[in-house]
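Student: Sharing a structure here in structure tokens format.
Where a number appears in this text, it was derived from the coordinates with a stated rule and is not lab data. Being a predicted model, the structure only gives us computed values, none of them experimental. Virtual Cβ from ideal backbone geometry, glycine too; neighbours counted across all protein chains shown.
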Amino acid sequence: MGRVESAENAFGDVELTMDELREVTRYAAESAQAVLPVFEQAVPADLRPRAALDAAWDFAGGERRTRLQRVTALDAHRAAKEAPSEPAALAARCAGDAAAAGYLHPIAKATQVGHILRAAAGAARIAELHAGGDEAAGMAAVEQARCRASPLLVAVLSRYPRAPISKSRVGQLMSALDASLRER
């Protein structure tokens, strides 16, 4: 596959192939797939997160990256804002993040790590919430996400700076996952 054009910045360029973008999208889609029922049970008539996840799987499965992934990602994030609970909102965000993952920017900035890992971190936060706020449940989900990561995904992640420090629990889980993947 051809390379995706890079943009220059203070950290240098990151080169990405379509196969690598598909792998990032696949990883995010797996995370979103596991938690989408949380949203669908809370808001069964809202199909926006499902459409985003379907668009992510389309791209991960070999179809062209199109405007569909961007539009459905934004729609899923809008659904998250309207969700009746934190777990439902997180599940919708995971679906939106999966659809957006194929648009990981070739700019070596820590904020781009969210395209790679935020869906897995959101799924880990849902695990915590379902366990009554037990952080051990979130860390167990982070460990499962670490085990699911392919060498190709880790290679892409390693081209970016570490995840930014965050006060949010999802951000903290993302940082923990980032650190564990870089230690592999």
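Student: State which helices in the chain qualify, where a helix is a whole DSSP H run, it must extend 15 Å or more along its own axis by its Cα atoms, and its mean Kyte-Doolittle hydropathy must be at least -0.5.
Tutor: 18-42, 48-60, 86-100, 113-130, 135-148, 169-182
Student: Please give the length that would be gained between Arg64 and Glu86 if that part of the chain were fully extended, namely 0.36 nm times their separation in residues minus their C-alpha to C-alpha distance (nm, one decimal).
Tutor: Additional length available on full extension: 4.7 nm.
Student: Which length gain, in nm to one decimal place, applies between Arg162 and Met18 when the Cα-Cα distance is subtracted from 0.36 nm times their residue separation?
Tutor: 49.6 nm
Student: Sticking with this one: For Arg148 and Ala45, what does the FRET efficiency come to when R0 = 45 Å and r is the distance between their Cβ atoms, rounded to the nearest 0.05?
Tutor: According to the calculation, E is roughly 0.90.
Student: Using the per-residue mean of other Cβ atoms lying within 10 Å as a proxy for protection, in what order, highest first, do the peptides 28-34, 46-52, 18-24 fall?
Tutor: Details: 28-34: 25.3, 46-52: 22.6, 18-24: 19.6.
So the peptides 28-34, 46-52, 18-24, ranked by packing, come out 28-34, 46-52, 18-24.
Student: Taking amide hydrogens as modeled 1.01 Å from N in the peptide plane, which residues meet the under 5 Å criterion relative to Thr17, leaving out close sequence neighbours?
Tutor: Amide H neighbours of Thr17, under 5 Å, 5+ apart: Val4.
Student: Just the projected area, averaged over all directions, of the convex hull on the alpha carbon atoms of the stretch 44-184: how many nm²? Don't skip to the end; give the middle numbers.
Tutor: Working: hull surface 33.9 nm².
It is 8.5 nm².
Student: May I have the extent of the alpha carbons of the stretch 38-84 along their three principal axes, as whole Å values ordered from largest to smallest?
Tutor: Projected onto the principal axes, the Cα atoms of the stretch 38-84 cover 34, 16, 12 Å.
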